[in-house]
Amino acid sequence: MASMRDIKTKITATRKTSQITKAMNMVSASKLRKADKKYKTFHPLVMKVKGIVENILSTDPDIQHPLLTPREIKKTGYILITSDRGLAGPYNTNVLKTFHKITSQHASKDEYFVGTIGFKGYSYCKRSKHPLINEESINSRDEVQFIDFQAMARTFIQFYIDGVVDKIVVIHSHFVNTITHQVQETTILPITDLMKDSSKRINDYLYEPSADVILSELLPIYVENTLYGIILDAKASEHASRMTAMKNASDNAKEVITTLNLYYNRARQGSITKELTDIIGGANAVS
């Protein structure tokens, strides 16, 4: 058994660690509320843009655009969303496992390329020698801004229009609640979630310069907004995962402290018993 001094040192260190993890749990809870509110506030904007695009498509069922047209998939582009920092439980591990499972289905690495958001995903792809589109990590900061990933989003969109890539998939963690997170594969190109409902055809709209030109402007905006919404959702999932991980760490620290206190009391009792035995033995020897 370790000495009382060693046990006391471990108790002190564990108690300090518990204080840190408890503070990180409270910070993550605050950030989660902000991230969830930001996502819920932004989501109606995406739905509004989607509704406008669907109205334009309903005016002319024959209208076409490269971003709406599926084609034979020869090359796939992946957008991998992870965090910049660790201590987030299984958040990054689950996303990277899903990404590895998906990419392992390709015959070669020439069939896809990757754009990463978050240092963890960037470092993983760098180590695994996946074909990267970004030469440096795009930070996944807590106050994520549209401009952070806009250049990457526009690059992917242009690649799809030029035929460099035939499908673009986002791999991310979807926030369900503070306990449940689901890793999802969301296809953002080609756009397949728009409805062309001729029964809702609107003839009173006059488009200037034309419906085709407006659609060409709105569709890239819709894709960028969809990606931004996914990133906000993933950020909420990250904070929730970190909050849960820090709560579990704090609970485990309390259990460790309880066990160490038990060991310390046993060692202290053993020391007292030994001293008493020595005193009694010495007294008997003198008498």
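Just from its helices, what would the mean residue ellipticity at 222 nm be for the chain, if runs of 4 or more DSSP H residues each count -39500 (n - 2.57) and the sum is divided by every residue, rounded to the nearest 500 deg cm²/dmol? Each step should come with its number before you reach the end.
Details: 5 runs with 172 residues, N = 287.
Computed mean residue ellipticity for the chain: -22000 deg cm²/dmol.
Could you give the nm distance between label points at His43 and Thr93, where each point is 7 Å from its Cα heading toward the beta carbon?
2.9
Can you give the charge dipole size of the range 167-267 about its Cα centre, rounded to the nearest 20 debye, using +1 on the beta carbon of Lys and Arg and -1 on the beta carbon of Asp and Glu? Can you show the working numbers first?
Numbers: 9 positive and 12 negative charges, 138 e Å.
Rounded to the nearest 20 debye, it is 660 debye.
Give the separation of the Cα centroids, the range 225-263 to the range 1-63, in Å.
Each part's Cα centre sits 10 Å from the other's.
How much of the DSSP bridge set in the chain is antiparallel, in percent, rounded to the nearest 5? Mind showing how you got there, number by number?
Numbers: 8 of 20 bridges.
Of the beta bridges lying entirely in the chain, close to 40 percent run antiparallel.
Taking the Cβ of Tyr122 as the center, what net charge do the other residues with Cβ under 15 Å away carry, scoring Lys and Arg +1 and Asp and Glu -1? Please report the intermediate quantities before stating the final value.
Details: positive: Arg85, Lys120, Lys126, Arg127, Lys129, Arg141; negative: Asp84, Glu135, Glu136, Asp148.
After counting each charged neighbour, the total is +2.
Near Glu135, within a Cβ-to-Cβ distance under 15 Å, what is the net charge of the other residues, with Lys and Arg +1 and Asp and Glu -1?
Working: positive: Lys126, Lys129; negative: Glu136.
Every neighbour counted, the sum reads +1.
Please order Asp148, Asp62 by the number of other Cβ within 10 Å, starting at the fewest. Write out the running numbers ahead of the final one.
Working: Asp148 16, Asp62 6.
Going from least to most buried by this count: Asp62, Asp148.
Taking a cut-off of 18 Å between Cα atoms, list the aspartates and glutamates near Lys167, but don't count ones fewer than 8 places away on the same chain.
List returned: Glu72, Asp110, Glu111, Glu185, Asp193, Glu224.
Straight-line reach from Lys254: which lysines have a Cα under 22 Å away, not including same-chain ones fewer than 8 places off?
Of all the lysines, those that pass the test against Lys254 - Cα under 22 Å, at least 8 places apart if same chain - are Lys8, Lys10, Lys16, Lys22.
Which net charge results for the neighbourhood of Ser18, defined as the other residues with beta-carbon distances under 15 angstrom from its beta-carbon, given Lys and Arg at +1 and Asp and Glu at -1? Could the numbers behind the result be given before it?
Details: positive: Lys10, Arg15, Lys16, Lys22, Lys247, Lys254; negative: Asp251, Glu255.
Value of the local net charge: +4.
In what sequence do Lys8, Lys74 fall when counting other Cβ within 10 Å, fewest first?
Lys74, Lys8
Among His130, His43, His172, rank each residue by its count of other Cβ atoms within 10 Å, from fewest to most, as a rough exposure measure. Walk me through the intermediate numbers first.
Values: His130 19, His43 14, His172 27.
Sorted ascending by nearby Cβ count, the order is His43, His130, His172.
What's the magnitude of the charge dipole for the range 1-93 around its Cα centre, counting Lys and Arg as +1 and Asp and Glu as -1 at the beta-carbon? Answer in Debye, nearest 20. Mind showing how you got there, number by number?
Numbers: 18 positive and 7 negative charges, 200 e Å.
So the dipole magnitude of the range 1-93 works out to roughly 960 debye.
Using θ = phi - 60° and the Karplus form 6.51 cos²θ - 1.76 cosθ + 1.60, what ³J(HN,Hα) does each residue of the range 117-123 get, whole Hz, x for Gly and Pro?
10, x, 5, 4, x, 5, 5
About the Cα centre, and with charges only on the beta carbon of Lys, Arg (+1) and Asp, Glu (-1), how big is the dipole of the chain? Nearest 20 debye, please. Provide the component values of the computation, followed by the final result.
Numbers: 38 positive and 30 negative charges, 383 e Å.
That gives a dipole near 1840 debye.
What's the extension gain from Phe146 to Ser210 if we count 0.36 nm per residue and subtract their Cα-Cα distance?
20.2 nm
Pairs to check: Lys37/Lys235; Lys40/Lys235; Lys75/Lys235. Give those whose C-alpha atoms are more than 19 Å from each other in this structure. Walk me through the numbers on the way to the answer.
On the way: Lys37/Lys235 11 Å; Lys40/Lys235 13 Å; Lys75/Lys235 28 Å.
The pairs that break the limit, which is 19 Å between Cα atoms, are Lys75/Lys235.
Picking from Asn248, Ile179, Pro209, whose Cα lies most toward the positive end of the charge dipole for the chain (charges on Cβ: Lys, Arg +1; Asp, Glu -1)?
Asn248
Would you pull out the residues with amide H under 5 Å of Tyr112's amide H, same chain only if 5 or more places away, H placed 1.01 Å from N?
Here Thr76 satisfy the definition.
Throughout, read-outs are computed from the coordinates displayed, never taken from laboratory work. Since we're looking at a predicted model, the values are computed, not measured. Counting neighbours? That spans all protein chains shown, and the Cβs are built from the backbone with ideal geometry, glycine included.
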